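The values are calculated or read from the model by the stated rules, or taken from the named source; none is laboratory data. Worth saying up front: this structure is predicted, and the values here are computed from it rather than measured. When we count neighbours, we look across all protein chains shown, and the Cβ atoms used for this are built from the backbone with ideal geometry, even at glycine. SASA here: full protein model, heavy atoms, side chains in, ligands and nucleic acids out. Shrake-Rupley method; radii C 1.70, N 1.55, O 1.52, S 1.80 Å.
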Amino acid sequence: MQSYIGPEEVLKKREQYFYPCTSYFYRNPPQLVKGEMQYVYGHDGKRYTDFFAGVSVVASGHCNPEIAERTAEQLRMLQHTSTIYLTQPNVDLAERLSGVLPGELRRTFFVNSGSEANEGALLLARMHTGRRGFLALEQGLHGRTYLTMSVTGLQMWRTDPQLAHDTDVTFIPRPYERGLSADEAARRSIAALAAALAEKGDTFAAMIAEPIQGNAGIIAPADWYFAEVKRLLEQHGVLLIADEIQTGFGRTGRMFAMDRYGVTPDILTMAKALGSGIPVAGFATTDVIAASLNRPSASTFGGNPVSSVTALAVLDYIEAHRLPDRAERLGELLRGGAGLMLGAELCAEEPARGAKLVDDVLEAMLDRGYIIGKNGVNRNVLAFQPPLVIAEDDVRGMLDALEAVLAELV
Ligand SMILES: Cc1ncc(COP(=O)(O)O)c(C=O)c1O
């Protein structure tokens, strides 16, 4: 058996060599050493069923053998060239994506992370419209670069108190508020959007939004909301950027969450599940909008052969195993709702107590062999975003364990 330094030593090294901003879940976290589809293993051999998927990433499973084999094959054949040389995997991937992307979205620029994909999408919107401003939803999360952090509404992730692009961003209340129905909250959001557009609609290049807010507590707006957003934006020539970084590739029971809303965005950003653990991301758009990104731009690693082949293998796997349907079906089992993306807020009226309780639940679930996530504006939301390959028995087992844990703790 391989020897590991163990969690205490890992923590010591993190303390010594990482930045203090790097946090971790659990009071006594395990050292994870192996993954196998919906399971991960600690250094001591303990198996955990993963209900967080590394934050919505390993949708096709940890170390999925069908995908890993193709990744490894490409790794041995050709690793990297950059886009200045011709290779096949990145063009095959772009072509393949054009078949699954909604509407006329046909062209993709490949990058390495969600932040970069959103940064590129915002750049594209500016280049296409010639305008400077952006609209974004309160409590949204779009990344760590300066521009993406500036359109991020969640205070926790606005690391720099003096954000460089703040004056370019107008925030709109999100279509959710405790005490309001989904329709009321959506109407409030739409009214604020309409007012901002009436005031200075011709200054906005784009509105960026997560179809379902992930980090802010897994918030799905009323089903009519995005159609109305799109209609208003179109009246003012403002583009809609759908940040599908958490929601894309089957998680919500459709290939993309915007499909649930019957809306085709002008630009769609993707990352996380596209590589199921290998870094690959991109922003996609129509022929017409893409034509505006014509000054030199390149990404050294974007769409490299290994990540592109992996993404192709992921798309093959999603299709062959009908993961969106599976997500829809298991989502119903998990909550009687749609898709494998669910948040459960604890003690909404006393968020600090809720946050403590969430930590206690995570801890007790870990002891029972389940990894679940947490998020939310007040960090008092239990987050369930398992690999889409999870089995019905895993969901039932987790729900039983959760019931027992909540009965103990509450
Ligand atoms: C909706 C959304 N957008 C963007 C990002 C940033 O992605 P990355 O961490 O890959 O830069 C995240 C990360 O969690 C996200 O959830």
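Exactly one residue out of Ala186, Ala164 is away from the ligand (no atom under 16 Å from the Cβ), under 25 Å from Thr145 (Cα atoms) and touching a helix residue (DSSP H, G or I) at 6+ places or on another chain (Cβ under 7 Å), and it is Ala164.
Is segment 250-259 home to any residue that is in contact (Cβ under 8 Å) with a residue 12 or more places away in the chain, within 11 Å of the ligand (Cβ to nearest atom) and among the hydroxyl-bearing types (Ser, Thr, Tyr)? Checking segment 250-259: not a single residue is in contact (Cβ under 8 Å) with a residue 12 or more places away in the chain, within 11 Å of the ligand (Cβ to nearest atom) and among the hydroxyl-bearing types (Ser, Thr, Tyr). Within segment 202-231, take every residue that is surrounded by 19 or more Cβ atoms within 10 Å (Cβ to Cβ) and over 29 Å from Asn378 (Cα atoms) and give me the one that is nearest to the chain's Cα centre (by Cα). My answer is Lys230.
Yes/no matrix, rows are residues, columns are (1) in contact with a Lys or Arg (Cβ under 7 Å, 6 or more places away or on another chain); (2) open to solvent by 20 Å² or more (accessible area, probe 1.4 Å):
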residue: Met341; (1), (2): yes, no
residue: Glu350; (1), (2): no, yes
residue: Gly354; (1), (2): no, no
residue: Val361; (1), (2): no, no
residue: Asp367; (1), (2): no, yes
residue: Gly373; (1), (2): no, no
residue: Leu382; (1), (2): yes, no
residue: Leu388; (1), (2): yes, no
residue: Glu392; (1), (2): no, yes
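For segment 1-23, the set of residues classified as within 30 Å of Pro65 (Cβ to Cβ) and surrounded by fewer than 11 Cβ atoms within 10 Å (Cβ to Cβ) consists of Met1, Gln2, Ser3, listed by residue number.
Of all the numbered requirements in (1) open to solvent by less than 20 Å² (accessible area, probe 1.4 Å); (2) outside any loop (DSSP other than H, G, I, E, B), Ser299 misses one, and that requirement is (2). Each residue in segment 327-376 was checked for being within 21 Å of the chain's Cα centre (by Cα) and part of a loop (DSSP other than H, G, I, E, B), and 7 pass.
Being away from the ligand (no atom under 12 Å from the Cβ), hydrophobic (A, V, I, L, M, F, W, C), open to solvent by less than 20 Å² (accessible area, probe 1.4 Å) and under 18 Å from Thr285 (Cα atoms) holds for only one residue in Ala125, Ala196, and it is Ala125. Of all the residues in segment 279-296, those that are surrounded by 21 or more Cβ atoms within 10 Å (Cβ to Cβ) and within 16 Å of the ligand (Cβ to nearest atom) number 5. Of the listed requirements (1) within 16 Å of the ligand (Cβ to nearest atom); (2) in a helix (DSSP H, G or I), Arg76 misses just one: (1).
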